[in-house]
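The values are calculated or read from the model by the stated rules, or taken from the named source; none is laboratory data. Every value quoted in this text rests on a predicted model; they were computed, and no experiment measured them. Backbone-built Cβ (ideal geometry, glycine too); neighbour counts: all protein chains shown.
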Amino acid sequence: MAPLRIETTETLLAALDQIGEIVLVTDTNGCITYANYGFERLTGYSASEAIGKKPNILSSGHTPTEVYSTMWSTVLSGEVWEGLLVNRRKDGSLFDCRLVVAPVVYNGEIVRLVSVQEDLTEQMESRRALERQAELLEQEIADRTRDLEQHARALVHAEKLATIGELSASIAHEVLNPVMGISGALQILQRRISEDDPNRKIIERVRLEVQRLDETVRGLLSMVRPKTAERRARVNIVDVINSATGLVRSKALESGIRIHTKCDDGPYLVWVNDVQIRQIFLNLLVNAVAALEGNSGQINISCSINNHMISIEIEDDGPGVPDDFLPKLFEPFVTTREDGTGLGLPISRRIARRHGGDLAACESREQGACFVLTLPQAMD
């Protein structure tokens with residue numbers, strides 16, 4: 001921008017007095033010779049107070065000295081200077097402003113300096129408020145991120161089970177609907193076959209397996225996405241054990257595996273969902289049979305009561321669980337079996353804990369694996 005050239009100082013001053021921003025006119029030594037109404041309104045000083053003084057009466061100490069040095073060298077060389085300052089009003093309050101200083105040239109010489117200050121207080125306060133809000137948001141995001149990272153490490157187990165829940169929902173849709181159709185067709189076939197037809201037993205066996213599949217899938221759904229209310233009843237845990245062993249006994253006998261149950265001091269009454277508790281025993285028994293398969297062995301089941309808690313211990317004399325594997329035994333998708341899913345034990349533990357009990361592996365053993373299921377005793 002070229003230096004401002006005027007012919008009549010009085011004409012300029014009359015025009016400047018109409019401007020709403022701060023307008024100061026100084027001599028080349030920096031002494032104020034004119035201050036407009038905007039100066040009085042925005043700074044609290046009267047024009048008479050400012051005349052003869054230098055603009056540093058507005059200095060706040062918050063503007064670096066280098067800024068003023070650059071400003072003076074620029075305007076005294078005949079150029080216009082523009083920059084941001086933090087000034088102080090008469091009452092001590094600070095205000096941000098954009099300052100433009102231009103030399104007034106007359107007959108080729110700088111005779112005056114004219115400065116215009118635009119009050120940026122509202123804009124800068126809004127900007128600072130936004131910056132503070134941004135800092136707070138950044139801090140909050142950092143805190144939330146840290147919390148999430150901490151929770152993420154602690155909730156890996158739950159997240160994996162959440163994945164199971166999504167898979168289970170798909171399974172429910174893709175499996176349960178066909179299962180219901182198969183079950184209905186089997187019932188029709190049963191009604192059409194005479195009582196003495198040998199095929200009737202086969203159909204009944206298939207129907208029971210379809211029913212078990214239906215219960216298993218629905219049970220998986222309720223395990224990973226439990227409802228607030230579920231069917232529970234007061235049952236003898238020995239009956240649930242016998243139901244589970246009956247389902248795996250034939251497979252065990254084929255492999256030369258014997259299953260012994262020693263729960264003679266009962267009754268061992270519990271208040272549970274018997275289908276889900278049976279699923280725990282099935283998971284443990286199937287694992288034990290798989291561990292012993294190819295070698296004749298034995299699975300022992302025993303019961304005891306201590307402090308109103310019923311403990312059921314299931315042990316086998318197979319190869320057992322490696323010591324370094326025990327800490328992660330109940331994590332989802334962790335398994336020692338090639339054909340295993342790694343879901344049986346974590347799901348079983350979750351069922352047990354939902355019933356107020358627990359499922360744990362026994363301490364390190366020389367041979368075989370051992371698990372203990374505990375459930376609260378049903379009181380009269």
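Brief remarks on what is shown
- Scanning the stretch 60-88 for residues that are surrounded by 15 or more Cβ atoms within 10 Å (Cβ to Cβ) and under 21 Å from residue 20 (Cα atoms) turns up 80, 81, 83, 85, 86, 87, 88.
- Within the stretch 305-331, tally of residues that are in contact (Cβ under 8 Å) with a residue 12 or more places away in the chain, outside any loop (DSSP other than H, G, I, E, B) and closer than 30 Å to residue 266 by Cα: 9
- Search result, residues across the stretch 311-330 that are under 24 Å from residue 242 (Cα atoms), of a type outside the set (Gly, Ala, Ser) and touching a helix residue (DSSP H, G or I) at 6+ places or on another chain (Cβ under 6 Å): 314, 316
- In the stretch 219-243, of all residues being among the aliphatic types (A, V, I, L, M) and modelled with pLDDT under 90, the one that is surrounded by the fewest Cβ atoms within 10 Å (Cβ to Cβ) corresponds to 229.
- Of the strands (runs of 3 or more DSSP E) lying entirely inside the stretch 227-289, those containing at least 3 residues that are within 44 Å of the chain's Cα centre (by Cα) are 233-236, 269-272.
- Within the stretch 14-58, the set of residues being surrounded by fewer than 15 Cβ atoms within 10 Å (Cβ to Cβ) and either in contact (Cβ under 8 Å) with a residue 60 or more places away in the chain or among the small types (Gly, Ala, Ser) (or both) comprises 14, 15, 19, 20, 27, 28, 30, 44, 46, 48, 52.
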